[in-house]
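Here is the structure we will look at.
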Amino acid sequence: MNMRISQLNGANTAGYFDRLPEKLVLEGYRRWTAGFETGSIIPWEMTWGLYSEVLGPSEAKRAVGELSHFIRVLRHCASCQLRAFPFDSHHVCREECLTLGLISGLHNQDALLLDTCLEAIACKRRCDDVAAAASNFAEALADFGQTLLPIPIHAIDTALNITHRATFH
């Protein structure tokens, strides 16, 4: 079973997707990961388009740079293959939940959430690298007024205990 966005934080699904901070993180993750997986620059151009439209070109330059670095480090340091649903999907997989949890934990000073997500997604010896890259990305978003809502730890615990049955990129 896979989680719907509303299960992640108890919010209305459409309302959660309407929030720009969550959309930037989730769609940024999906599109940047898809670029790596497909070898195509089209998903990366789509990411640039989204960030540029929401933040403006100057701010997007920094935010996309930090997103790119974060995903690159995460791919290198992940304890499992990074998966993602197709763009604009209203479901989230385990890795998407953990990515949202990392950034939300940083934005909301939730150390338990941050540590739980970090330990679940990154190999032990590389947690510090992932945390640093996530922190830089989270800081860039926050600098531009894009702060994620808090995510309850029980939502992440649920995501960690759900079996993996879905179609991903």
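Figure legend. Inter-residue proximity from region 38-60: first residues over 11 Å from residue 24 (Cα atoms), second residues part of a helix (DSSP H, G or I) and of a type in the set (Lys, Arg), beta-carbon distance below 6 Å, spacing 6+ or different chains. Indicated pairs: 43/31; 46/31.
Looking only at residues in region 99-140 that are modelled with pLDDT under 95 and buried (at least 22 other Cβ atoms within 10 Å of the Cβ), the one that is farthest from residue 159 (Cα to Cα) is 122. The numbered conditions (1) exposed (fewer than 14 other Cβ atoms within 10 Å of the Cβ); (2) closer than 28 Å to residue 57 by Cβ; (3) modelled with pLDDT under 95 are all true for residue 145 except (3).
Looking at region 148-159, which of its residues are closer than 17 Å to residue 121 by Cα, hydrophobic (A, V, I, L, M, F, W, C) and either touching a Ser or Thr at 6+ places or on another chain (Cβ under 8 Å) or at pLDDT below 90 (or both)? Please lay out each step first, then the result.
Step one: of region 148-159, the residues closer than 17 Å to residue 121 by Cα are 151, 153-159.
Filter once more, keeping what is hydrophobic (A, V, I, L, M, F, W, C): 151, 153, 155-156, 159.
Within region 148-159, 151, 153, 156, 159 qualify.
The values are calculated or read from the model by the stated rules, or taken from the named source; none is laboratory data. Remember, predicted model here, so these are calculated numbers, not experimental data. Here the Cβ is made from the backbone with ideal geometry for all residues, glycine too, and neighbour counts use every protein chain on show.
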